[in-house]
Amino acid sequence: MHEEFIYSLKKIFSSKLCPRDEALLTLRSLWTSGYQVVLSYDDQSASRHKELWPAIPYLWANKPNAEELIYYLECQKRLGRPEGFFVAGLNLTTDRCFIASHPRVSLRTLTMENWNHVKKWLGDQKPGAEPTCLNIIAGDFIGPVPFCSLVIALNKKLL
């Protein structure tokens with residue numbers, strides 16, 4: 001199934017996939033080369049495909065509220081950043097007990113209820129290569145909130 005899925009991804013993105021042996025990986029070098037996608041795939045079958053990058057570390061708090069999420073990410077930042085790419089996940093999650101005791105709450109409503117706290121924290125972050133800087137940011141339900149504009153504003157801090 002992995003091979004079939006990888007084949008589909010390669011077919012969909014074709015020449016836009018940046019090969020993992022790309023020496024200098026910057027946004028400018030990607031655009032110059034015509035690449036638009038860096039595809040990380042966390043399975044051994046990916047190693048046979050030069051278009052697929054190995055697993056990118058994902059800092060995932062696995063917490064149901066913004067305070068715990070931010071505490072986790074701040075602890076990870078104090079430990080220092082992983083080598084190369086890494087993702088700071090702003091994803092809130094719950095367990096079965098929480099879901100059973102809060103039948104009207106979904107991951108979407110959980111995200112929306114916590115957004116203002118996450119937004120403030122995100123706006124205070126720094127991009128770059130320093131040990132406490134963020135690299136890649138991921139979140140759920142980014143359409144209804146100004147996630148993209150916040151990430152673009154973070155990148156402007158590099159100018």
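When residue 32 is evaluated against the numbered criteria (1) more than 24 Å from residue 89 (Cβ to Cβ); (2) β-branched (Val, Ile, Thr); (3) outside any helix (DSSP H, G or I), which criterion, by number, is the only one it fails?
Just one mismatch for residue 32, condition (3).
Considering each residue of the stretch 17-32, count those that are at pLDDT 85 or above and surrounded by 15 or more Cβ atoms within 10 Å (Cβ to Cβ), and give that number.
2
Between 79, 52, which is over 17 Å from residue 145 (Cα atoms) and within 17 Å of the chain's Cα centre (by Cα)?
It is 52.
Out of curiosity, is residue 50 among the charged types (D, E, K, R), surrounded by 14 or more Cβ atoms within 10 Å (Cβ to Cβ) and farther than 16 Å from residue 85 by Cα?
Working: among the charged types (D, E, K, R): yes; surrounded by 14 or more Cβ atoms within 10 Å (Cβ to Cβ): no; farther than 16 Å from residue 85 by Cα: yes.
Considered against the rule, which asks whether it is among the charged types (D, E, K, R), surrounded by 14 or more Cβ atoms within 10 Å (Cβ to Cβ) and farther than 16 Å from residue 85 by Cα, residue 50 comes out as no.
Please find, among 8, 14, the residue that is on the phi > 0 side of the Ramachandran plot and at pLDDT 90 or above.
The unique qualifying residue is 14.
Among the residues of the stretch 71-88, write down those that are within 13 Å of residue 137 (Cβ to Cβ) and of a type in the set (Phe, Trp, Tyr).
85, 86, listed by residue number.
Under 26 Å from residue 141 (Cβ atoms), outside any loop (DSSP other than H, G, I, E, B), without any contact (Cβ under 8 Å) to a residue 12 or more places away in the chain and among the hydroxyl-bearing types (Ser, Thr, Tyr): is that true of residue 7 in this structure?
No: the conditions fail for residue 7.
Residue check: is residue 14 surrounded by fewer than 17 Cβ atoms within 10 Å (Cβ to Cβ) and in contact with a strand residue (DSSP E or B) (Cβ under 9 Å, 6 or more places away or on another chain)?
Answer is no for this residue.
Across the stretch 55-91, what is the total count of residues that are in contact with a Cys (Cβ under 9 Å, 6 or more places away or on another chain) and not in a loop (DSSP other than H, G, I, E, B)?
Of the residues in the stretch 55-91, 1 are in contact with a Cys (Cβ under 9 Å, 6 or more places away or on another chain) and not in a loop (DSSP other than H, G, I, E, B).
The values are calculated or read from the model by the stated rules, or taken from the named source; none is laboratory data. Treat the numbers as computed from the prediction; the structure is a model and nothing was measured. Please note: Cβ atoms are built from the backbone with ideal geometry, for glycine as well, and neighbour counts cover all protein chains shown.
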